[in-house]
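The next block holds one structure in the form of structure tokens; read it before the comments.
The values are calculated or read from the model by the stated rules, or taken from the named source; none is laboratory data. Predicted model, so just to flag it, every value in this text is computed and none were measured. Because the Cβ atoms are built from the backbone with ideal geometry, glycine has one as well, and the counts that use them run over all protein chains shown.
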Amino acid sequence: MALSGVEIFKLLPKTNCKKCGHPTCLAFAMKLAQRQATLDLCPDVSEDAKKILGEASAPPVRPITFGTGDKAVKMGEETVLFRHDKKFVNPCVLAIEIKDTLSESDITKKIEEVLSSELDRVGQKLRVDAIALTNASGDKGKFEAAAKIISSKAPNVPVILSTTDTASAEAAVKIFTGKRPIVFGANSGNAEAMANIAKAEKAILGVTANSLDELSALTEKIKSLGVEDMVIDSGAKKAKDIIGNNTLIRRAAIKKNFKALGYPVINFAQRDDSLHEALIAAVGIAKYASIIVLSSIEKWKNLALFTLRQNIYTDPQVPMQVEQKIYKLGEPTQESPLMITTNFSLTYFIVSGEIENSKVPSRLAVMDCEGLSVLTAWAAGKFTASKIAAFIKESGIENEVKHRELIIPGYVAILSGSIEEKLEGWKITVGPREANGLPAFLKGRAA
Amino acid sequence: MAFVAPKETYSGKVYQVNAGTGANALSFGGENVLPFNSFEGTVPNKPLIAYEIQDIPPADWPENVQKPYSSVSGDPVTWAKFCQDTLKAKAIALRLIGTHPDRENRSPEDAAKTVKDVLSAINVPLIILGSNNAEKDAPVLIAAAEASKDKNCIIGKAQEANYKTIAAAAMANNHKLIAMSELDINLSKQLNILITQMGFDKERLITDPMCSALGYGLEYTYSVMERIRLAALTQNDLTMQPPMLADVGMYVWKIKETQAPESEVPLWGNAEERGIAWEATTATALLMSGAELLIMRHPKAVEAVGKVIEELGG
């Protein structure tokens, strides 16, 4: 739990020396509590206070960057249990397992699936983020060989090297020197050796145990050996245990500031049945996983999981927006109807979906209203006659369509007169109030 | 520092609601913890999935979800029996969509007959849904409630505009009632209060905070559900304690992701698997936020979600 300003104040020198740039120690303490200042500004603070404050001000779930370069992914930094309280920070990493028992061509095929997995959805680029190489063969040479294939064919993709054999881990991790891989396998049997490997190679260490007690003891031990960056696996495989352990880990970190479990969580969702696997991954996405390992990444599965991840990690305070422009639905001609709505992503999805259902090729002008829905945008003065008129004029649509008719949402029927005044030569038609009235409305016009 | 499991004890719990009669009657809800957190409380029942059927052939359903029912969906009775006997449905949700004025505008009497026919053919619990036309649903659901008197069905959906008549009909005929409001925890609470003020037993209610499909506002439904559940458990808010419904199929099987052929969107992959995954993923996410009753369409999606429910409970 973060300390309050007053609790921090008690630990400061209380000299009001102003060396930190704040008028009083109390003012400085308040800034510290709000994380708007850092403790190093105070030259006189005691070592004890530094230790207490340093620990208290560290984020409850340790921030870790996995991989390097433009495909690196951030993990951890979470501050809440429920997304309505505050945005979930770092979307969970989706990784595909590649076993070192596969042939080179099969490994290459999987790598290519990862490299071509990127999709664009509501302006965000989404993809399978990482590869988890598993030492299924139990053979060091095979593991190393597979690691080399991955390193040469997907040099920028973050990699998890999964083996409990320290010699294999050491051999493979050296192939990814400087690339911040995860070495996954420290357990109670090999913790010291694995910690040394991770430390020497500046790798992230995956820590696995069979209970939360054992896991806490292990991370503390590893930390004392000098490894700070860890991802943790509670041993949960079944959905029931994934949700239970992930929940207890997140609670311990956030509500109790329990440092030994304040690390990103990795879950293994692999199942024989791909759809079942997708749903286990969905459980993990909703409930606190930072990395989910999958055994297959079919396109339909990726789309569903990427979308769920995006939904869960959306900022609840900031509406999702789509780009302002005139969207073509179907293959509109110069005579096709033109409708207008706001750029709240839900509004756009629902309106465009209903237009597509109508099978009437159309254009949909989506106007930037800071992500507000039609009525809210109108009430907030962002969806007004003059703004609509200016948008239509500047959009260049007059060169694209022959007609001069704009269909507006029924909820803003009141605007039709004033838009006609401001948008010379245009006729304004009032459409249905709800999007689900659009198919009947459009079909009725087309008939 | 030794690990101490940070378990929670809540002051409130979710009402347990049962539906149906006889040996196949079923209960859902009843837990005193957040979804599937059985490590710190009791979860007496598993969520219940009902197969959606309707009174008229599903011409408006996308082809991939019409297909499994192509030989039975011409008649609601055959369709219902197929769900119960072949698909082993634990419950059936009959949507009287044909009563909608813009569809076939079927009469309340027609609806009552369909309900009677379906009920006489099945023995699993029945959910009876209107066409979501607030005005028409009132007479339709009154007729449906009377036609199914004492069968302990779930009737819905009562909304702000029509709750009085529908709640009265559910009460007079000994049914459970779905109360739906539009994605707002306060509206949901208010509707539950209004309905209980009529003398309707709050323990016979089911809350529908309005479903949304994955990618189409799912996060709103998800968070409204989570907030309702937290209010029920942490604040012991009696008006927020009915179990919750996720009416998944209807919202999922109308969006582009469940319809567009792979030829149009090659990056989205196989359309049939995508549609099934979309319905199952939406349902699974809403289980995580607190849904206890799901209405779904595709048999493979139902099967997959059923498997996850087993894994979450066992």
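What the table shows:
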item: Residue match in the range A:16-28 (condition: surrounded by 15 or more Cβ atoms within 10 Å (Cβ to Cβ), at pLDDT below 85, part of a loop (DSSP other than H, G, I, E, B) and of a type in the set (A, V, I, L, M, F, W, C)); result: no
item: Meets criteria (assigned by TED's automatic domain parsing to the domain that holds A:F383, closer than 18 Å to B:V252 by Cβ and of a type outside the set (S, T, N, Q)) for A:L346; result: yes
item: Extreme residue, surrounded by the fewest Cβ atoms within 10 Å (Cβ to Cβ), among residues of the range B:273-286 that are within 7 Å of chain A (Cβ to nearest Cβ) and among the charged types (D, E, K, R); result: B:E273
item: Helices (runs of 4 or more DSSP H) wholly inside the range B:58-150 that include at least 2 residues being farther than 22 Å from B:A172 by Cβ and in contact with a Ser or Thr (Cβ under 8 Å, 6 or more places away or on another chain); result: B:63-66, B:76-81
item: Total residues in the range A:79-125, condition within 14 Å of another protein chain (Cβ to nearest Cβ) and closer than 24 Å to B:E226 by Cα; result: 11
item: Residues of the range B:54-91 satisfying the condition of being among the β-branched types (V, I, T) and without any contact (Cβ under 8 Å) to a residue 60 or more places away in the chain; result: B:I56, B:V72, B:V77, B:T78, B:T86
item: Test: residue in the range A:280-288 that is more than 10 Å from chain B (Cβ to nearest Cβ), in contact with a helix residue (DSSP H, G or I) (Cβ under 8 Å, 6 or more places away or on another chain), in contact (Cβ under 8 Å) with a residue 40 or more places away in the chain and surrounded by fewer than 24 Cβ atoms within 10 Å (Cβ to Cβ); result: no
item: Considering residues of the range B:287-306 that are within 29 Å of B:V72 (Cα to Cα) and at the interface with chain A (Cβ under 10 Å from one of its Cβ atoms) only, the residue surrounded by the most Cβ atoms within 10 Å (Cβ to Cβ); result: B:A301
item: Test: residue in the range B:259-272 that is in contact with a Phe, Trp or Tyr (Cβ under 7 Å, 6 or more places away or on another chain), free of Cβ contacts under 8 Å to residues at least 24 places away in the same chain, crowded, with 19+ Cβ neighbours inside 10 Å and part of a helix (DSSP H, G or I); result: yes
item: Condition check for A:F383: in contact with a strand residue (DSSP E or B) (Cβ under 8 Å, 6 or more places away or on another chain), surrounded by 18 or more Cβ atoms within 10 Å (Cβ to Cβ) and closer than 18 Å to B:G215 by Cα; result: no
item: Those residues of the range A:100-116 which are touching a strand residue (DSSP E or B) at 6+ places or on another chain (Cβ under 9 Å) and surrounded by fewer than 19 Cβ atoms within 10 Å (Cβ to Cβ), in sequence order; result: A:T101, A:D106, A:E113
item: Tally of residues being touching a residue at least 60 places away in the same chain (Cβ under 8 Å) and either in a loop (DSSP other than H, G, I, E, B) or in contact with a Leu (Cβ under 9 Å, 6 or more places away or on another chain) (or both) across the range B:181-204; result: 2
item: Residue within the range A:163-173 that is under 19 Å from A:T108 (Cα atoms) and crowded, with 17+ Cβ neighbours inside 10 Å present; result: yes
item: Search result, residues across the range A:309-320 that are crowded, with 20+ Cβ neighbours inside 10 Å and touching a residue at least 60 places away in the same chain (Cβ under 8 Å); result: A:R309, A:Q310, A:I312, A:T314, A:M320
item: Residue in the range A:264-285 that is over 30 Å from A:T208 (Cα atoms) and aromatic (F, W, Y) present; result: no
item: Exclusive hit being surrounded by fewer than 17 Cβ atoms within 10 Å (Cβ to Cβ) and part of a loop (DSSP other than H, G, I, E, B), set B:E8, B:E31; result: B:E8
item: Residue in the range B:106-119 that is more than 14 Å from chain A (Cβ to nearest Cβ), out of contact with any Lys or Arg (no Cβ under 7 Å at 6 or more places or on another chain) and either at pLDDT below 95 or under 18 Å from B:V248 (Cα atoms) (or both) present; result: no
item: Residue check for A:I407: modelled with pLDDT of 90 or more and outside any helix (DSSP H, G or I); result: yes
item: Unique match (being within 14 Å of another protein chain (Cβ to nearest Cβ) and of a type outside the set (D, E)) among A:I388, A:I355, A:I340; result: A:I355
item: Test: residue in the range B:104-127 that is under 18 Å from B:P209 (Cα atoms) and buried (at least 24 other Cβ atoms within 10 Å of the Cβ); result: yes
item: Close pairs from the range A:29-42: first assigned to a helix (DSSP H, G or I), partner surrounded by 10 or more Cβ atoms within 10 Å (Cβ to Cβ) and among the acidic types (D, E), Cβ under 9 Å, at least 6 apart; result: A:A29/A:E7; A:A33/A:E7
item: Flag for B:T207 being closer than 18 Å to B:G29 by Cα and without any contact (Cβ under 8 Å) to a residue 40 or more places away in the chain; result: yes
item: Residue within the range B:58-76 that is at pLDDT below 95, farther than 21 Å from A:E434 by Cα and of a type in the set (G, A, S) present; result: yes
item: Every residue from the range A:31-51 that is surrounded by 17 or more Cβ atoms within 10 Å (Cβ to Cβ) and over 31 Å from the mean Cα position of the chain (by Cα); result: A:C42, A:V45, A:A49
item: Index of the failed condition, B:D237 passing every other in (1) surrounded by fewer than 21 Cβ atoms within 10 Å (Cβ to Cβ); (2) more than 30 Å from A:L329 (Cβ to Cβ); (3) within 12 Å of chain A (Cβ to nearest Cβ); result: (3)
item: Residue in the range A:274-286 that is on the phi > 0 side of the Ramachandran plot and over 22 Å from the mean Cα position of the chain (by Cα) present; result: no
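A quick yes/no check of all residues on (1) assigned to a helix (DSSP H, G or I); (2) touching an Asp or Glu at 6+ places or on another chain (Cβ under 8 Å); (3) within 14 Å of B:K13 (Cα to Cα):
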residue	(1), (2), (3)
B:C211	no, yes, no
B:Y216	no, no, no
B:Y220	yes, no, no
B:M225	yes, no, no
B:I228	yes, no, yes
B:A232	yes, no, yes
B:N236	no, no, yes
